[in-house]
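The next block holds one structure in the form of structure tokens; read it before the comments.
The values are calculated or read from the model by the stated rules, or taken from the named source; none is laboratory data. Note that the structure is predicted; figures quoted are calculated from it, not measured. When we count neighbours, we look across all protein chains shown, and the Cβ atoms used for this are built from the backbone with ideal geometry, even at glycine.
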2 protein chains.
Amino acid sequence: MRKIGIQELDDIALGAALLGSGGGGDPYVGKLVALGAIKECGPVDLLSVDEIPDDAFIVPIAMMGAPTVLAEKALGGKEYKTLYDMVSRFYNRQIFAFMPIEAGGVNSMLPFAAAARLGLPLVDADGMGRAFPELQMVTFTIAGVNATPMALTDEKGNSVIFRTVTNKWTEELARVVTMSCGGSASVSLYCTDGKIVKQYGVRDIVTRSEKLGRAIRSVKEGAGNPEENFLAASEGIKLFRGKITDVLREVRGGFNFGKALLEGIGEYKGRSGYVEFQNENLAASVDGKTVATTPDLICLVDTETFNPIPTDALRYGKRVLAIGLKCFESWRSPEGLALAGPRYFKYDLDYVPVEIRAKEALSCTGLA
Amino acid sequence: MRKIGIQELDDIALGAALLGSGGGGDPYVGKLVALGAIKECGPVDLLSVDEIPDDAFIVPIAMMGAPTVLAEKALGGKEYKTLYDMVSRFYNRQIFAFMPIEAGGVNSMLPFAAAARLGLPLVDADGMGRAFPELQMVTFTIAGVNATPMALTDEKGNSVIFRTVTNKWTEELARVVTMSCGGSASVSLYCTDGKIVKQYGVRDIVTRSEKLGRAIRSVKEGAGNPEENFLAASEGIKLFRGKITDVLREVRGGFNFGKALLEGIGEYKGRSGYVEFQNENLAASVDGKTVATTPDLICLVDTETFNPIPTDALRYGKRVLAIGLKCFESWRSPEGLALAGPRYFKYDLDYVPVEIRAKEALSCTGLA
């Protein structure tokens, strides 16, 4: 157990934003909410997974919706108390701790706000080890855990409890309600026992985010080439470096869909690439060859600051470094790929781990 | 208290279909569901409002969705038990009786199916005295009763509990979930105390439906002109008689919108009329003059059988008699008109009671 205060939040938000793979919301927005709660209510106890009893009732906290909306539509402030009351009452169980469900600029932070406000500890684990666009895409689905009963509430005070026959139905119904509530809502889902979190959760995700954030911040202080330092610190596989020449966007079905076109710079001069996204980056391509796909993480960072760039902040002229990160191992299983592999997102491609795919593709194009 | 068995159902369904004002679903479909339940589980005890204790917990049962869908998408059979369990658990109260919430071919019948299957009595009252397209349009909204906590379940086994800040928000959220579930869902809403039902419910609606149904069936047996008999039995105000020349339809936002164009027959020869609907008939017009509007009931019946014709059964060539019926008195109050008057449905018209409006309009056009 350790205390997470204001100092630690910066690094966690920054590192989680990288793991957000372009999604999971703006870390600035997320951090403001968590900062406010910790300033008002004090630091949060972060528990490692091994510190929670098997029969402890663990309740994830997240925001659902299109990240573009999150930046403009504020929280009401009472959401976490409402979720706490709904979940406690519906399950008729005492909540032992909150937990994040995904990494990302916003969804790494909101659980801290909830934990601070309700005086509960937070578990250092989540259900993705990254961000994904649809709510059934969690390791707990692979484990057969039902997303429901799921609680949802909005800033106006509307609240809904879902109980569905599959996690895909949860996604369907919770998504339309979220859209009707104005595009974002606060949710608790995959409420489960400590034992399940130990078996299937992505362990130490907060600590990993914090280390990543700290590393990004100190990249330029180290000796040698900052980009090399960044790749070493993040364990990133370099995919492309380029300038954004266009961003095609569409908000559809409550998601931000789009494609960022890139023109190579530096050693990539004369080459072109693109990244496609549905809230999160899904696939990256260089000179027509796919270099990385979901469920591996595709992250775009600023070439100067190495700050991660969420998909809704992609703009013409920005210079970006695209990297690939290995996803949590469960995602590479057949069940994981069925949930969040390239074919689920309508790509006519088999999944190839990024460390192999990137190398092959880049050697074909003479880049590696 | 009296027993409602198979014999009574026919008349209740027929009369309720007339009060459905074109909506509330096909009485044939509704009756099949209720018949099945009563055959299997026995007759249902119908309680008059005065027979229920003030503190009895009364739970309405209805189907939500576009009537066109109800005719094609069956019930799963477990919906009422699911609603019973959800409501009992969420309110932590023992259900004393079920109740219909609207009159109409389907929603007058499903509460009988629920009552038979769960072995509960049914209260002889509802919240409309007719059918309306949106769920906040009930006398209980005028009384300030919250529609939520509301329970919703579909035939697949998905279930949802809503708790909203206004009844308009209930409509919004429950509607999108209903649409996602395939266009129809079973619901319990406006769960309330016996005292409230006594004060604000539309009393004796089942008994009134039954009498109306019996009267329609015997119209042709009486002496004299069948149409005159029908008007006398239904207390209907004659608006038009004509042949349908076209029906314009659109399914939008989970509703059946449309307009039926009529060419006069008999004493209306050479004249034209139309009826506009959103699930239920909203306004009727003769020679360009509005003859009736919501919240009064506009009902189209077959000119030969006097059977009510739901909006989704309107077809080219059908000969129809259009009548107006006075709505329940609460609908004529300022609060009632705000909820379900012509302006709510975007008509630039003040409400005028049908008995006055029809007379004035018809005298203008030389018809009365």
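Looking across the stretch B:155-170 at every residue that is among the basic types (Lys, Arg) and facing another protein chain (nearest Cβ under 10 Å), the one that is surrounded by the most Cβ atoms within 10 Å (Cβ to Cβ) is identified as B:163. Residues in the stretch A:346-361 that are in contact with a Ser or Thr (Cβ under 7 Å, 6 or more places away or on another chain) and surrounded by fewer than 17 Cβ atoms within 10 Å (Cβ to Cβ): 2 in all. When residues in the stretch B:260-292 are screened for being buried (at least 18 other Cβ atoms within 10 Å of the Cβ) and among the charged types (D, E, K, R), 4 of them pass. For residue A:231, the criteria (1) under 27 Å from residue A:93 (Cβ atoms); (2) outside the structural domain of residue A:108 (by TED's automatic domain parsing); (3) hydrophobic (A, V, I, L, M, F, W, C) hold in every case but one, which is (1). Might you check whether a residue that is within 19 Å of the chain's Cα centre (by Cα), on the phi < 0 side of the Ramachandran plot and among the β-branched types (Val, Ile, Thr) occurs anywhere in the stretch A:219-235? Checked against the condition, which is being within 19 Å of the chain's Cα centre (by Cα), on the phi < 0 side of the Ramachandran plot and among the β-branched types (Val, Ile, Thr), the stretch A:219-235 yields no hits at all. Residue A:219 meets all of the listed conditions (1) crowded, with 17+ Cβ neighbours inside 10 Å; (2) of a type outside the set (S, T, N, Q); (3) in the same structural domain as residue A:9 (by TED's automatic domain parsing) but one, namely (3). For the stretch A:240-262, the set of residues classified as in contact with a helix residue (DSSP H, G or I) (Cβ under 6 Å, 6 or more places away or on another chain) and closer than 26 Å to residue A:134 by Cβ consists of A:254, A:256, listed by residue number.
For the stretch B:237-259, the set of residues classified as among the charged types (D, E, K, R), buried (at least 17 other Cβ atoms within 10 Å of the Cβ) and in contact with a Gly (Cβ under 7 Å, 6 or more places away or on another chain) consists of B:241 only. Entry remark, the stretch A:33-65: residues being at positive phi and under 19 Å from the mean Cα position of the chain (by Cα) number 1 in total.
Using the structure shown, decide if residue B:240 is assigned to a strand (DSSP E or B) and hydrophobic (A, V, I, L, M, F, W, C).
The answer is yes for residue B:240.
Look at (1) buried (at least 21 other Cβ atoms within 10 Å of the Cβ); (2) out of contact with any strand residue (DSSP E or B) (no Cβ under 6 Å at 6 or more places or on another chain) and you find that residue A:143 fails only one, number (1).
Comparison of A:121, A:111, A:149, A:100 shows that the only residue that is touching a strand residue (DSSP E or B) at 6+ places or on another chain (Cβ under 9 Å), in contact (Cβ under 8 Å) with a residue 40 or more places away in the chain, more than 13 Å from chain B (Cβ to nearest Cβ) and surrounded by fewer than 23 Cβ atoms within 10 Å (Cβ to Cβ) is A:121. Do you know which of the residues in the stretch B:176-196 that are of a type in the set (A, V, I, L, M, F, W, C) and within 9 Å of chain A (Cβ to nearest Cβ) is farthest from residue B:338 (Cα to Cα)? Result: B:181. Annotation: of all residues in the stretch A:307-337 being among the polar types (S, T, N, Q) and farther than 23 Å from residue A:14 by Cβ, the one that is nearest to the chain's Cα centre (by Cα) is A:330. For residue B:190, the conditions (1) surrounded by fewer than 20 Cβ atoms within 10 Å (Cβ to Cβ); (2) in contact with a strand residue (DSSP E or B) (Cβ under 7 Å, 6 or more places away or on another chain); (3) within 20 Å of residue B:327 (Cβ to Cβ) are fulfilled apart from (1). Within the set A:135, A:173, the sole residue that is at the interface with another protein chain (Cβ under 10 Å from one of its Cβ atoms), surrounded by 24 or more Cβ atoms within 10 Å (Cβ to Cβ) and within 26 Å of residue A:338 (Cα to Cα) turns out to be A:173. Tally the residues that are over 10 Å from residue B:181 (Cβ atoms) and free of Cβ contacts under 8 Å to residues at least 60 places away in the same chain, restricting the search to the stretch B:152-166. So the count comes out to 5. Residue count for the stretch A:181-210, restricted to those that are over 18 Å from residue A:111 (Cα atoms) and modelled with pLDDT of 95 or more: 5. Where helices (runs of 4 or more DSSP H) fall wholly inside the stretch A:1-85, the ranges with 2 or more residues that are of a type in the set (D, E, K, R) are A:6-19, A:27-41.
Residues that are at pLDDT below 95, of a type in the set (Ser, Thr, Tyr) and surrounded by 22 or more Cβ atoms within 10 Å (Cβ to Cβ) within the stretch B:293-320 comprise just one, B:311.
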